[in-house]
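The values are calculated or read from the model by the stated rules, or taken from the named source; none is laboratory data. Since the model is a prediction, treat every value here as computed from it, not as a measurement. For neighbour counting, all protein chains shown are included, and Cβ atoms are generated from backbone atoms with ideal geometry for every residue, glycine included.
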Amino acid sequence: MKAILNNKTYKTFTPLIYAHGKILTFYRKLLKSGRIRNIDEIQHRKINVINVSEECPDVIPGVETHEAGKFALEVLTAAVKDLKEGKIQALVTAPVNKNNINSEALPFVGHTEFITEAVGAQSSLMLMVAEQLRVGLVTGHLPLAKVPATITKERILQKTKILIKSLEKDFGISKPKIAVLGLNPHAGEEGLLGEEEEKIIKPAIKELKDQNHYVFGPYPADGFFGMMHQTKFDGIIAMYHDQGLIPFKSIAFSTGVNFTAGLPVIRTSPDHGTA
């Protein structure tokens with residue numbers, strides 16, 4: 001609300017808010033902020049509110065309701081549809097309560113997975129971005145027990161190539177320098193603490209190097225960030241969610257952006273969840 005009510009926001013683009021006017025009015029009054037108008041057609045240099053549904057769920061801050069989860073999914077579906085059809089040029093998603101949306105009929109583990117499937121992309125990369133820190137994940141919203149079996153040479157190659165292409169295309173970095181983290185403590189200690197580095201991660205790095213990419217590692221995750229090695233690279237590939245996001249959010253929690261790389265559309269989000 002505070003961002004969109006800042007006049008600077010809509011001098012460079014036209015914001016469209018997919019929601020319902022009643023919800024925005026509720027929070028406008030709560031914040032004692034300026035007025036936001038519902039309008040029937042898009043007006044430039046104005047804040048445009050699109051009522052996704054005629055029905056509006058009751059707004060109860062901090063309380064999960066089935067109606068709120070259902071409405072959140074309707075909002076996301078409508079926005080992604082317009083994004084696919086080129087009616088909007090980019091999508092910024094607000095945090096959602098995944099549990100509130102998830103159901104047996106429609107499993108929902110996160111925006112990234114939902115949007116990737118919706119736009120027909122074969123794969124994407126959850127890329128956490130701050131000023132000079134960019135961390136991509138080989139595996140994303142996945143139970144920790146399933147991570148080792150999901151990490152394959154092919155998956156590492158796929159995700160790293162998405163990162164390289166995004167750094168070149170989206171961030172304007174020629175020949176980006178990439179660091180790859182190990183999976184196990186001490187990056188496996190040459191097989192003593194796990195074999196994934198020797199059998200999977202190192203062969204993937206070698207293949208990328210043979211293709212003339214500047215890719216290095218695998219690095220032990222704790223020492224890598226402890227010694228500030230992130231400052232020496234344009235991008236970092238972490239093996240799983242918390243391995244990449246704990247250091248990222250420790251360094252850049254208040255400024256971090258979640259960017260979905262590898263899609264034919266632009267999607268960003270804050271780096272935090274609800275509350």
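Yes or no: VAL109 hydrophobic (A, V, I, L, M, F, W, C) and modelled with pLDDT of 90 or more? Quick ask: steps written out before the conclusion?
Working: hydrophobic (A, V, I, L, M, F, W, C): yes; modelled with pLDDT of 90 or more: no.
In short, no.
Assess whether LYS209 counts as being over 25 Å from LYS146 (Cβ atoms) and either over 25 Å from the mean Cα position of the chain (by Cα) or in a strand (DSSP E or B) (or both).
yes
Would you point out the residue of the range 112-161, among those that are modelled with pLDDT of 95 or more, assigned to a helix (DSSP H, G or I) and small (Gly, Ala, Ser), that is nearest to ALA179 (Cα to Cα)?
ALA149
Filter the range 98-111 down to the residues that are in a loop (DSSP other than H, G, I, E, B) and either within 13 Å of the chain's Cα centre (by Cα) or among the charged types (D, E, K, R) (or both) and list them by number. Spell out how you get there, then give the answer.
Taking the range 98-111 as the starting set, the residues that turn out to be in a loop (DSSP other than H, G, I, E, B) are 102-110.
Of everything in the range 98-111, those that are in a loop (DSSP other than H, G, I, E, B) and either within 13 Å of the chain's Cα centre (by Cα) or among the charged types (D, E, K, R) (or both) turn out to be GLU104, VAL109, GLY110.
Which residue pairs have Cβ atoms closer than 8 Å, lie 6 or more positions apart in sequence or on different chains, and pair a first residue in the range 214-226 that is assigned to a strand (DSSP E or B) and modelled with pLDDT of 95 or more with a second residue that is surrounded by 14 or more Cβ atoms within 10 Å (Cβ to Cβ) and among the basic types (Lys, Arg)?
Close Cβ pairs satisfying both conditions: TYR214/LYS177; PHE216/LYS177; PRO218/LYS202.
Residue by residue through the range 136-163, note down the ones that are under 17 Å from ILE201 (Cα atoms) and hydrophobic (A, V, I, L, M, F, W, C).
Selection gives LEU137, VAL138, VAL147, ALA149, ILE151, ILE156, LEU157, ILE162, LEU163.
Which of (1) under 16 Å from ILE237 (Cβ atoms); (2) surrounded by 15 or more Cβ atoms within 10 Å (Cβ to Cβ) is the odd one out, the single condition LYS165 does not satisfy?
It is condition (2) that LYS165 fails.
Report yes if THR12 is of a type in the set (Ser, Thr, Tyr) and surrounded by 14 or more Cβ atoms within 10 Å (Cβ to Cβ), otherwise no. Show your work before the answer.
Details: of a type in the set (Ser, Thr, Tyr): yes; surrounded by 14 or more Cβ atoms within 10 Å (Cβ to Cβ): no.
No.
Scan the strands (runs of 3 or more DSSP E) fully inside the range 228-275 and keep the ones with 2 or more residues being free of Cβ contacts under 8 Å to residues at least 24 places away in the same chain and basic (Lys, Arg). Spell out the reasoning first.
On the way: elements: 235-238, 257-261, 267-270.
Passing ranges: none, list empty.
I need the full set of residues from the range 117-153 which are touching a strand residue (DSSP E or B) at 6+ places or on another chain (Cβ under 7 Å) and closer than 13 Å to ARG267 by Cβ, in order please. Let's see the steps before the verdict.
The initial filter retains those residues of the range 117-153 that are touching a strand residue (DSSP E or B) at 6+ places or on another chain (Cβ under 7 Å), namely 124-129, 134-138, 140.
If the condition is that a residue be touching a strand residue (DSSP E or B) at 6+ places or on another chain (Cβ under 7 Å) and closer than 13 Å to ARG267 by Cβ, then SER124, LEU125, MET126, LEU127, VAL129 are the ones that fit.
Here's the yes/no breakdown for (1) crowded, with 16+ Cβ neighbours inside 10 Å; (2) modelled with pLDDT of 90 or more:
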residue: SER33; (1), (2): no, no
residue: ARG37; (1), (2): no, no
residue: ASN48; (1), (2): yes, no
residue: PRO61; (1), (2): no, no
residue: GLU64; (1), (2): no, no
residue: GLU67; (1), (2): no, yes
residue: ASP82; (1), (2): no, yes
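Restricting the range 173-220 to residues that are touching a Phe, Trp or Tyr at 6+ places or on another chain (Cβ under 9 Å) and small (Gly, Ala, Ser), which is nearest to THR152 (Cα to Cα)?
The selected residue is GLY182.
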